[in-house]
Amino acid sequence: MGIKQATVPPRNNLNVITDESSVTNVVLDAMARTPDARLREVMVSFVRHMHAFAREVRLTEEEFHLGIDVLNRIGQASNASHNEAVLFSDAIGFSTLVCLLNNGKNGATETAAALLGPFWRMNSPLTPNGGSIVRSDTPGPALFANCLVTDTQGHPLAEVEVDVWQASPIGLYENQDANQAEMNLRGKFTTDSDGRFWFRSVKPAGYPVPTDGPVGDLLRAQDRHPYRPAHLHFLCFKSSYKTLITQVFVSGDPYLSSDAVFGVTEHLIGNYRQGEGAPPAADVTGPWFVFDYTFLMERGKAELPKPPIK
Ligand code: BEZ
Ligand code: FE
């Protein structure tokens, strides 16, 4: 279904706007001179779609001012440790759309990629395989993760740098919580010659996205809950491979089909199961869990995203 486009030119030779139907072409004419071809393409399409949107819903002046206020409040709610703009994009499914368009052979096939989210930090502590990312007292059952990174043909990839991050089972990332040590539940691992990396953590739990800003207002207005299903985040980096940013979710989580930020795809529901027999570490007393997963990296450009927070 195409978007209705304004095609009516102004009724004068001056290219001056005459009425509602002529404004779009005057704006598009002004942008047609943009020297950068990609900027021209993106902005021309953006303007067409924005104008079509306003026409389609017959946007009122009150709603227009409300929208401007929301944009301003998104900016005001963002700072070095909180990124409301990313959260907004996530909460309307836009981040997932962009992710799916740009991964899996540019949208042609299923992909292991998922949205980055607002909580990735640069410079996670380098941690040896087998090490723990629990850096301060953290509740929750122990989790022992055993992961493999391969190329799309299944060949193991050595020397992949893998960032891991997760929220504490109390529902907050360390940067949101003064009671957690700096970089708690964050670490950077390197795959060995068999493409493997492994580490200890705590089993993730579902948690709500921040709701004290405009995104919270939107969720409440739409009668949507703010919860994400339990997950671990991963960022796999190796030169000549497209950086794989993803999340792996706990199967059976009650929020898998209603993730507040639409990050769940079928491929990303992982295998977390209760361990049996002697636990892998002497200090584990209660139930413990194991997690295994294989990450597939496509050939492509290795580049890191701009960190949403510092
Ligand atoms: C996260 O899982 O870290 C997350 C992703 C999107 C929005 C909020 C949080
Ligand atoms: Fe998360």
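The values are calculated or read from the model by the stated rules, or taken from the named source; none is laboratory data. What you see is a predicted model, and the numbers here were worked out from it, not measured in a lab. Don't worry about glycine lacking a Cβ; one is built from the backbone with ideal geometry, like all the others, and counts go over all protein chains shown.
Being crowded, with 22+ Cβ neighbours inside 10 Å and part of a loop (DSSP other than H, G, I, E, B): is that true of V261 here? Before the answer, list the steps.
Numbers: crowded, with 22+ Cβ neighbours inside 10 Å: yes; part of a loop (DSSP other than H, G, I, E, B): yes.
The answer is yes for V261.
Under the condition of being within 21 Å of the chain's Cα centre (by Cα) and more than 12 Å from ligand 1 (Cβ to nearest atom), which residue from region 154-167 is nearest to D137 (Cα to Cα)?
Kept after step one, since they are within 21 Å of the chain's Cα centre (by Cα), are these residues of region 154-167: 160-167.
With more than 12 Å from ligand 1 (Cβ to nearest atom) added as a condition, the list becomes 160-164.
Working: V160: 29, E161: 26, V162: 24, D163: 21, V164: 18 Å.
Filtering region 154-167 for residues that are within 21 Å of the chain's Cα centre (by Cα) and more than 12 Å from ligand 1 (Cβ to nearest atom), the one nearest to D137 (Cα to Cα) comes out as V164.
Conditions tested, residue by residue: (1) touching a Cys at 6+ places or on another chain (Cβ under 9 Å); (2) in the same structural domain as A167 (by TED's automatic domain parsing); (3) within 16 Å of ligand 1 (Cβ to nearest atom).
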{"site": "L39", "(1), (2), (3)": "no, no, no"}
{"site": "V47", "(1), (2), (3)": "no, no, no"}
{"site": "F53", "(1), (2), (3)": "no, no, no"}
{"site": "N72", "(1), (2), (3)": "no, no, no"}
{"site": "F88", "(1), (2), (3)": "no, no, yes"}
{"site": "L101", "(1), (2), (3)": "no, yes, no"}
{"site": "E110", "(1), (2), (3)": "no, yes, no"}
{"site": "A113", "(1), (2), (3)": "yes, yes, yes"}
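For S240, work out the one condition from (1) over 24 Å from Y173 (Cα atoms); (2) at pLDDT below 95 it doesn't fulfil.
It fails just one condition, (2).
When you go through Q176, Q166, Q180 one by one, which is the residue that is in the same structural domain as F144 (by TED's automatic domain parsing) and more than 14 Å from ligand 2 (Cβ to nearest atom)?
Details: Q176 fails: more than 14 Å from ligand 2 (Cβ to nearest atom); Q166 fails: more than 14 Å from ligand 2 (Cβ to nearest atom).
Result: Q180 is the single residue among Q176, Q166, Q180 that is in the same structural domain as F144 (by TED's automatic domain parsing) and more than 14 Å from ligand 2 (Cβ to nearest atom).
Show the residue pairs that are 6+ apart or on different chains and have beta-carbon atoms under 6 Å apart, the first residue being within region 169-180 and among the hydroxyl-bearing types (S, T, Y), the second being assigned to a loop (DSSP other than H, G, I, E, B) and within 11 Å of ligand 2 (Cβ to nearest atom).
Qualifying pairs under 6 Å: Y173/F119; Y173/A167.
Please name all residue pairs, on different chains or six or more residues apart, with Cβ atoms under 9 Å, provided the first residue is in region 209-230 and is within 19 Å of Q166 (Cα to Cα) and the second residue is among the small types (G, A, S) and assigned to a helix (DSSP H, G or I).
Qualifying pairs under 9 Å: V209/A91; V209/G216; P210/G216; P226/A91; P226/G216; Y227/S258; P229/S257; P229/S258.
Taking only region 195-234 into account, find how many residues are assigned to a helix (DSSP H, G or I) and over 15 Å from V261 (Cβ atoms). Spell out the reasoning first.
So the first thing to find is which residues in region 195-234 are assigned to a helix (DSSP H, G or I), and the list is 214-221.
Imposing the further condition that a residue be over 15 Å from V261 (Cβ atoms) reduces the set to 217, 220-221.
Here the count works out to 3.
Going residue by residue through region 85-93, is there one that turns out to be touching a residue at least 40 places away in the same chain (Cβ under 8 Å) and within 23 Å of L296 (Cα to Cα)?
Scanning region 85-93, I find no residue that is touching a residue at least 40 places away in the same chain (Cβ under 8 Å) and within 23 Å of L296 (Cα to Cα), so the answer is no.
Only residues that are modelled with pLDDT of 95 or more and part of a loop (DSSP other than H, G, I, E, B): list them for region 33-75, please. Steps first, answer last, please.
Keep residues of region 33-75 that are modelled with pLDDT of 95 or more, which gives 34-75.
Of everything in region 33-75, those that are modelled with pLDDT of 95 or more and part of a loop (DSSP other than H, G, I, E, B) turn out to be T34, P35, D36, R58, L59, T60.
Quick one: is G187 buried (at least 22 other Cβ atoms within 10 Å of the Cβ), within 20 Å of G270 (Cα to Cα) and either of a type outside the set (S, T, N, Q) or away from ligand 2 (no atom under 12 Å from the Cβ) (or both)? Before the answer, list the steps.
On the way: buried (at least 22 other Cβ atoms within 10 Å of the Cβ): yes; within 20 Å of G270 (Cα to Cα): yes; either of a type outside the set (S, T, N, Q) or away from ligand 2 (no atom under 12 Å from the Cβ) (or both): yes.
So G187 passes the test.
Give the residue, chosen from A302, A260, that is of a type in the set (G, A, S) and in the same structural domain as G187 (by TED's automatic domain parsing).
Values: A302 fails: in the same structural domain as G187 (by TED's automatic domain parsing).
Answer to the check: A260.
In the list N146, N184, which residue meets the criterion of being more than 19 Å from E303 (Cβ to Cβ) and within 16 Å of ligand 1 (Cβ to nearest atom)? Before the answer, list the steps.
On the way: N146 fails: within 16 Å of ligand 1 (Cβ to nearest atom).
After ruling out the rest, the residue left standing is N184.
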